[in-house]
Amino acid sequence: MAEQRRPRARRRERKVIPSGKAYIQSTFNNTIVTLTDPQGNVIAWGSSGTAKFKGSRKGTPYAAQMAAHEVARKAMEHGLRQVEVYVKGPGSGREAAIRSLQSAGLAVTSIMDVTPIPHNGCRAPKRRRV
């Protein structure tokens, strides 16, 4: 009884993408960094949670810095060199993530704030009394 050899699964070829877009969504509890090609297809993503931070430490600038550095390293394996940065949200990890992308070796060509601003939309959460 001869064993049938299954055809080997093809390796996915890495596309070389010289420039792309970086989306940084920074909330009070977490920071999510996504790097895409110019068409919007995701190359690499990561967050403070995937960078091994849990609980309230996910919202810190250091956690955002580590997440952005990890994502930049993954994307540079695809040949990414330049990024346009789009920042959304009020969190503390915004600037730290941008600085981390630059220090990882990505050239930041532009930074845009795309935080949605309500024209008196939903009721805001109640204020904290400490």
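Just so you know, all these numbers are worked out from the coordinates, no wet-lab data involved. Everything numeric in this text was worked out from a predicted model, so none of it was measured. All Cβ positions, glycine included, derive from the backbone under ideal geometry; neighbour counts span all protein chains shown.
Which label marks the calculated value of percent of Cα pairs over 24 Å apart, given the options (i) 77; (ii) 38; (iii) 25? Computed from these coordinates, percent of Cα pairs over 24 Å apart corresponds to label (ii). Can you give the calculated 222 nm mean residue ellipticity of the chain, where each DSSP H run of n ≥ 4 adds -39,500 (n - 2.57) and the sum is split over every residue, rounded to the nearest 500 deg cm²/dmol? Only helices count here, giving -6500 deg cm²/dmol.
Relative contact order of the chain: 25 percent, from C-alpha pairs under 8 Å at least 6 residues apart in sequence. Here the label points at GLU84 and THR115, each 7 Å from Cα along the C-beta direction, are separated by 2.1 nm in the simple model. Evaluating 6.51 cos²θ - 1.76 cosθ + 1.60 at θ = phi - 60° for every residue in the range 108-116, the Karplus couplings come out as 8, 8, 8, 10, 10, 8, 10, 5, x Hz, glycine and proline recorded as x.
Axis angle, to the nearest 10 degrees, between helix 61-76 and the longest C-alpha principal axis of the chain: 30 degrees. Peptide packing: for 68-80, 38-50, the average count of neighbouring Cβ atoms within 10 Å per residue gives the ranking 68-80, 38-50, highest mean first.
Approximating the spin labels as points 7 Å out from Cα along Cα→Cβ, the SER103-to-ARG127 distance works out to 3.6 nm. Relative to the first principal axis of the alpha-carbon coordinates of the chain, what is the inclination of helix 94-103, with its axis defined by its Cα atoms, in degrees from 0 to 90 and to the nearest 10? Helix 94-103 and the main axis of the chain meet at about 40 degrees. Once backbone amide H atoms are built at 1.01 Å from N, ILE43 has LEU35, THR36, ASP37 as its partners under 5 Å, excluding neighbours fewer than 5 places away on the same chain.
Derived scalar couplings between HN and Hα for the range 119-130 equal 9, 6, x, 6, 5, 6, x, 5, 5, 7, 10, 9 Hz in order, rounded to whole Hz, by the Karplus curve 6.51 cos²θ - 1.76 cosθ + 1.60 (θ = phi - 60°), x for Gly and Pro.
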